[in-house]
Amino acid sequence: DDSSKILYPRPKSLLPEMMNADMDAVDAENQVELEEKTRLINQVLELQHTLEDLSARVDAVKEENLKLKSENQVLGQYIENLMSASSVFQTTDTKSKRK
């Protein structure tokens, strides 16, 4: 018999409100996490560019160093040749002159 049942209003569920609050907290946390990840990615990219620039600079300095070493060898040989051709730098053997 349905007439004996008393119908009470269904209590309003707090679950949707709690879920919305939790979702807002999760969204805020995700936003902070996303911003941190973005910041870290940008920092890594900047460091990669800096490393590339430094590597290019090291390569240029190595190349310049090799060039200067080669020039120094040529100049050293030139100076040696001048010294051997000049009488000023000739070794004097005083013992052979006295005899």
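Looking at the range 34-58, which of its residues are open to solvent by less than 90 Å² (accessible area, probe 1.4 Å) and over 15 Å from the mean Cα position of the chain (by Cα)?
Across the range 34-58, the qualifying residues are GLU36, THR38.
Hey, does the range 17-26 have a residue that's open to solvent by 90 Å² or more (accessible area, probe 1.4 Å), within 23 Å of the chain's Cα centre (by Cα) and modelled with pLDDT of 75 or more?
Filtering the range 17-26 down to residues open to solvent by 90 Å² or more (accessible area, probe 1.4 Å) leaves 17-20, 22-24.
Now narrow it down to the ones that are within 23 Å of the chain's Cα centre (by Cα): none.
Looking for residues that are open to solvent by 90 Å² or more (accessible area, probe 1.4 Å), within 23 Å of the chain's Cα centre (by Cα) and modelled with pLDDT of 75 or more, one finds none in the range 17-26, hence no.
Scan the range 64-72 and give yes if some residue there is more than 36 Å from the chain's Cα centre (by Cα) and either on the phi > 0 side of the Ramachandran plot or surrounded by 10 or more Cβ atoms within 10 Å (Cβ to Cβ) (or both), otherwise no.
No, the range 64-72 contains no residue that is more than 36 Å from the chain's Cα centre (by Cα) and either on the phi > 0 side of the Ramachandran plot or surrounded by 10 or more Cβ atoms within 10 Å (Cβ to Cβ) (or both).
The values are calculated or read from the model by the stated rules, or taken from the named source; none is laboratory data. Everything numeric here is computed off the predicted structure, so don't read it as measured data. We place every Cβ from the backbone using ideal geometry, glycine too, and count neighbours over all the protein chains shown. The protein model used for the area step is the full one, side chains on, heavy atoms only, and it has no ligands, DNA or RNA in it. Shrake-Rupley method; radii C 1.70, N 1.55, O 1.52, S 1.80 Å.
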